[in-house]
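These notes concern the structure reproduced below.
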Amino acid sequence: MSGDIRSWLPTFGIGAHVRKALGYVFSLRLEYDYMMAKGLNWQPSYTGYTANYVLNPLYNTAAHQPVFYNYRTTIQELSIQGVITLNNIRFHKAKTGVAIYTFGGLGVATYSTLYNALGSDGQPYDYQAIVNQFGPGGFTYKNRKEIKKALKDMMDGSFETIAERDKSQPTIFGGTPYRPVLVLGAGIQFKLNNKFNIALEDKVSITKSDLIDGQQWQETGDPTVHAQTRDFDSYNFLSIGLNYNIGKKSVEPLWWINPLDYAYGEINAPRHMKLPKPVLDDADGDGVTDQFDHEPNTPAGCPVDTHGVSRDTDGDGVPDCKDKELITPTQCQPVDADGVGKCPDPACCRDIQRALDSGLVGGGGRGRCSIGDLPSITFKGRSVTLSKDGEALLATVADKMRNSPNCKVAVIGYGESSKSAQQLSWDRVNAVIKYLVEKEGINSDRFIFRYGQTGGDENTIDLKDATGEEGPNTVPAPHPNLRRR
């Protein structure tokens, strides 16, 4: 109790409640509690009790006879509370074994307060002997234990006198006062299993009455002057309880369940959730959806790779579904529209043809290559990128090479004065050959790679007929660390 008389602890109480979940976080609780509280002041009163219509007749107020306030009250409280669970919504754990909650509500409480005012002989206690024992200045906090022991030794613990009551307050059950109460509290539950859990809880009830402890008058020093304390009493109920979840089968109330656990369970193994069948567009019907298809208009019936591009097993540029020669050797490419290549003559035939061309046999040679003069490609500054004009010139070179399939072409770059110049020459020669092979479809075996030559302009790449000559069609970069990005 928190009132005008100091509490005498411990006392006891017992209660029961029924709780119903309205959701995962909020629930309602109807609770009944039966509680007992005691109090005993270790400091005497000389004038305050004079306004108490119960104590006043028992003592000599004119002589300022000392009185030690005491009481025992029995409280019955019925309340309805809203309970909020604070920790069952968890993002990184499915469930919890501990539930923390807070609650508040309204109720009504009855109280029956008694004084221990008379001894076993039926006469009021004479506290003067205790006052004489400790003296006027002896009633200090330091001596409180000795004072209370002396009082307990004197008193018989009977609590036989009905305490002062506010006659304006309503009563029930034959005169027992009742008052509205405001209930606040918090608690923690420890789960034992799906049926049982233990709860540790503290509840504070605030009343609108100053007489639950039976005292409402201040000490004024003048028995003819009466002043009320003007503060309402409250009481605290700290409890440990056993909760049982009602049901034919073991059930878990919603305040124990993580609502996200249900959602995660449905995502992992849907039981109630209906997932729509995914619709992925595939315009050309090749089995690769449009968002991943690098060839969105693949002809019907053509097998494709994982990127939706028509398969071309021999790499001759004709898809397998249209290729009449599925495996065309590299030396027999380029091929015609049906994917059929023209393979070169055997070595013996080439030797005979070379002899005919040189005039060694058959009289008067006849030239095999009639490609004629080829243009030069010019680069600006230190660029290694072909200009639009350069690409146009290389297109004419490619036409001539297609019309003269027996011709070889040497691609010549200049610059040997430094490592940087050699690398720049290599990059430009490589850019020309790469363009003719990748963009124009000329076989790389028809080129001879020459870079870092002398006697020419470093910004110019020359192309010359090299039929009958030998040389590599690719060369490692001489100084790759100096290559321009």
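Screening Asp202, Asp233 for residues that are surrounded by 13 or more Cβ atoms within 10 Å (Cβ to Cβ) and under 28 Å from Arg90 (Cα atoms) leaves exactly one candidate, Asp202. Is it the case that some residue within the stretch 464-477 is outside any loop (DSSP other than H, G, I, E, B), at pLDDT 90 or above and either surrounded by 19 or more Cβ atoms within 10 Å (Cβ to Cβ) or not polar (S, T, N, Q) (or both)? Checking the stretch 464-477: at least one residue is outside any loop (DSSP other than H, G, I, E, B), at pLDDT 90 or above and either surrounded by 19 or more Cβ atoms within 10 Å (Cβ to Cβ) or not polar (S, T, N, Q) (or both). Asp316 falls short on exactly one of the conditions (1) touching a residue at least 24 places away in the same chain (Cβ under 8 Å); (2) out of contact with any strand residue (DSSP E or B) (no Cβ under 6 Å at 6 or more places or on another chain), and that condition is (2).
Only one of the listed residues (Tyr53, Tyr24, Tyr71, Tyr46) is of a type in the set (Phe, Trp, Tyr) and in contact with a strand residue (DSSP E or B) (Cβ under 6 Å, 6 or more places away or on another chain). That residue is Tyr71. Residues in the stretch 391-429 that are in contact (Cβ under 8 Å) with a residue 24 or more places away in the chain, under 60 Å from the mean Cα position of the chain (by Cα) and under 30 Å from Val318 (Cβ atoms): Glu391, Leu394, Ala395, Val429. Checked against (1) out of contact with any helix residue (DSSP H, G or I) (no Cβ under 9 Å at 6 or more places or on another chain); (2) surrounded by fewer than 19 Cβ atoms within 10 Å (Cβ to Cβ), Val429 passes all but a single condition, namely (2). All of (1) buried (at least 19 other Cβ atoms within 10 Å of the Cβ); (2) closer than 30 Å to Tyr264 by Cβ hold for Gly3 with one exception: (2). When the criteria are applied in full, Asp261 fails the requirement of being of a type in the set (D, E, K, R) and either touching a Leu at 6+ places or on another chain (Cβ under 7 Å) or farther than 30 Å from Lys195 by Cα (or both). Looking only at residues in the stretch 442-463 that are exposed (fewer than 14 other Cβ atoms within 10 Å of the Cβ) and part of a loop (DSSP other than H, G, I, E, B), the one that is nearest to the chain's Cα centre (by Cα) is Asp457. Here the condition is being loosely packed, with under 13 Cβ neighbours inside 10 Å, assigned by TED's automatic domain parsing to the domain that holds Phe26 and farther than 30 Å from Arg29 by Cα; of Ala117, Ala94, Ala63, it holds for Ala63 alone.
Can Asp373 be described as assigned to a loop (DSSP other than H, G, I, E, B) and either small (Gly, Ala, Ser) or on the phi < 0 side of the Ramachandran plot (or both)? For Asp373, the condition - assigned to a loop (DSSP other than H, G, I, E, B) and either small (Gly, Ala, Ser) or on the phi < 0 side of the Ramachandran plot (or both) - is met.
With respect to the stated conditions, Ala410 fails to be assigned to a helix (DSSP H, G or I) and modelled with pLDDT of 90 or more. Looking only at the stretch 439-463, how many residues end up being acidic (Asp, Glu) and either at pLDDT 95 or above or in contact with a Gly (Cβ under 7 Å, 6 or more places away or on another chain) (or both)? Adding up the residues that qualify gives 2.
Okay, residues lined up against (1) in contact with a strand residue (DSSP E or B) (Cβ under 6 Å, 6 or more places away or on another chain); (2) polar (S, T, N, Q); (3) part of a strand (DSSP E or B):
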{"site": "Lys203", "(1), (2), (3)": "yes, no, yes"}
{"site": "Thr220", "(1), (2), (3)": "no, yes, no"}
{"site": "Pro223", "(1), (2), (3)": "no, no, no"}
{"site": "Phe237", "(1), (2), (3)": "yes, no, yes"}
{"site": "Glu252", "(1), (2), (3)": "no, no, no"}
{"site": "Tyr262", "(1), (2), (3)": "no, no, no"}
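A quick yes/no check of all residues on (1) closer than 20 Å to Asn116 by Cβ; (2) surrounded by 13 or more Cβ atoms within 10 Å (Cβ to Cβ); (3) touching a helix residue (DSSP H, G or I) at 6+ places or on another chain (Cβ under 6 Å):
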position: Glu146; (1), (2), (3): yes, yes, no
position: Leu151; (1), (2), (3): yes, yes, no
position: Met155; (1), (2), (3): yes, yes, no
position: Phe159; (1), (2), (3): yes, yes, no
position: Glu164; (1), (2), (3): yes, yes, no
position: Lys167; (1), (2), (3): no, no, no
position: Phe173; (1), (2), (3): no, no, no
position: Gly185; (1), (2), (3): no, yes, no
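Being part of a strand (DSSP E or B) and at pLDDT 75 or above is the requirement here; does Gly214 meet it? Answer is no for this residue. For the stretch 253-300, filtering for residues that are touching a Lys or Arg at 6+ places or on another chain (Cβ under 9 Å) and either surrounded by fewer than 11 Cβ atoms within 10 Å (Cβ to Cβ) or under 30 Å from Gly82 (Cα atoms) (or both) leaves 8.
Anything in the stretch 294-306 that is assigned to a loop (DSSP other than H, G, I, E, B) and either in contact with an Asp or Glu (Cβ under 7 Å, 6 or more places away or on another chain) or under 18 Å from Gly339 (Cα atoms) (or both)? List them, or say none. Result: Pro296, Asn297, Thr298, Pro299, Gly301, Cys302, Pro303.
The values are calculated or read from the model by the stated rules, or taken from the named source; none is laboratory data. Just so it is clear, the model here is predicted, and its values are computed rather than measured. Counting neighbours? That spans all protein chains shown, and the Cβs are built from the backbone with ideal geometry, glycine included.
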